[in-house]
Amino acid sequence: MGAVLIAGCGYVGSALATRLVARGEKVLALRRSTRELPEGVVPIAADLRDRAALRLPRDVDRLVYAVGPDGGGDDAYRGAYVTGLENVRDALREAGADVRRAVLTTSTAVYAQDDGGWVDESSDTSATGTARWLLEGERVVREGFAEGVTLRLAGIYGPGRDRMVRMVAEGTARLPRAPRWTNRIHRDDAASAIERLLEIDAVEPAYVGVDDEPTDLADVYRWVAAELGMPEPPFEESAGERGRGTQKRCRNARLRATGWAPLYPTFREGYRDAIAARR
């Protein structure tokens with residue numbers, strides 16, 4: 001078996017690399033700075049947007065492309081999800097690598113539903129704003145590799161990413177006056193989902209990567225406050241004070257059908273460590 005190349009070996013990619021190394025895989029980690037990479041990986045320091053400088057080995061047979069934008073505009077998103085992915089694809093072809101499967105991580109932001117309804121892989125996507133670059137990247141991975149698959153992740157949280165717990169603890173959380181659905185996935189569950197998509201015999205073109213329970217933001221804040229022994233946060237001054245977000249509830253049924261199951265099925269399990277650290 002060949003090597004797994006993780007392009008964009010950051011928050012989720014590093015957790016994945018640790019899992020793969022532990023089971024004896026050869027893992028190559030591509031990023032601009034190779035400091036603070038997990039033990040056991042082979043570092044490749046390169047800017048994936050610089051095609052002329054990108055040189056990759058031939059023994060790569062699986063690719064994970066988990067690159068995020070370094071800014072909020074069109075150029076940043078196009079560079080991360082399209083230009084960088086095309087450069088990695090071309091560099092692997094130039095090296096003569098036989099990549100049998102490629103997993104791209106994008107976001108549930110490609111779904112524009114705003115009525116609080118349920119969303120899955122069959123739901124309509126919307127190529128508006130920066131979402132169009134995510135969808136273009138999904139096209140590149142489908143057409144550019146023998147088995148190209150996309151994992152559309154919801155809000156990723158975990159060690160070092162405990163914003164909701166921090167806001168309640170610091171008194172800045174505000175309860176929305178109308179239901180505001182939120183979807184999330186723990187970093188370790190995102191990593192295990194990618195691992196599963198690398199190993200199953202056959203894949204669908206896309207999977208939604210979320211935990212088992214879309215939750216009203218107010219319920220999250222109330223639960224965190226109760227666990228911290230704090231009073232319930234106050235309501236926002238007016239409906240929509242902090243933006244409505246994209247009101248949808250995401251299903252993970254297709255991902256679960258692969259045999260994957262989240263270690264943190266809801267925010268309650270996922271936030272336990274962050275809450276314990278603040279007690």
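The values are calculated or read from the model by the stated rules, or taken from the named source; none is laboratory data. Just so we're clear, the structure is a prediction, and the values are computed from it rather than from any experiment. Glycine gets a Cβ as well: all are built from the backbone with ideal geometry, and neighbour counts include every protein chain shown. Please note that ligands, DNA and RNA were not included when accessible areas were found on the heavy atoms of the full protein model with its side chains. Shrake-Rupley method; radii C 1.70, N 1.55, O 1.52, S 1.80 Å.
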Expected sort for 255-263, 100-108, 35-43 on mean C-beta neighbours within 10 Å, highest first, is 100-108, 255-263, 35-43
Placing each pseudo-label 7 Å from Cα in the direction of the beta carbon, residue 114 and residue 228 end up separated by a distance in nanometres of 3.0 nm
For the chain, longest principal axis from Cα atoms; helix 11-22 axis from its Cα atoms; angle between them, nearest 10 degrees, is 60 degrees
Summed over the other residues with a beta carbon less than 11 angstrom from that of residue 200, with K and R at +1 and D and E at -1, the charge totals -3
The summed charge of the residue 270 Cβ neighbourhood (under 13 Å; Lys/Arg +1, Asp/Glu -1) stands at -3
Ignoring ligands and nucleic acids, residue 172 exposes an accessible area, probe 1.4 Å, in Å² to the nearest 10, of 60 Å²
Taking max minus min of the Cα coordinates of the range 156-279 on each principal axis, largest first, gives extents in Å of 51, 31, 17
The range 1-119, Kirkwood Rh and Cα Rg, ratio Rg/Rh at 1.01
Largest-first ranking of 184, 278 by accessible area, probe 1.4 Å, whole protein assembly kept, is 278, 184
Between the Cα axis of helix 217-228 and the main Cα principal axis of the chain, the angle (0 to 90°, nearest 10) is 80 degrees
Answer in debye to the nearest 20: the dipole magnitude of the chain about its Cα centre, from +1 Lys/Arg and -1 Asp/Glu charges placed on Cβ, is 360 debye
Amide H contacts under 5 Å for residue 206, restricted to residues at least 5 apart in sequence or on another chain and with H modeled in the peptide plane, are 150
log10 I(q)/I(0) for the chain, Debye formula on C-alpha points only (no solvent), q = 0.06, 0.17 Å⁻¹, two decimals, reads -0.19, -1.38
Order by accessible surface, 1.4 Å probe, largest leading, for residues 75, 188 comes to 75, 188
The set of residues whose placed amide H lies less than 5 Å from the amide H of residue 28, leaving out same-chain residues fewer than 5 positions away, is 4, 5, 6, 42
The helix 84-95 Cα axis meets the longest alpha-carbon principal axis of the chain at an angle in degrees, between 0 and 90 and rounded to 10, of 20 degrees
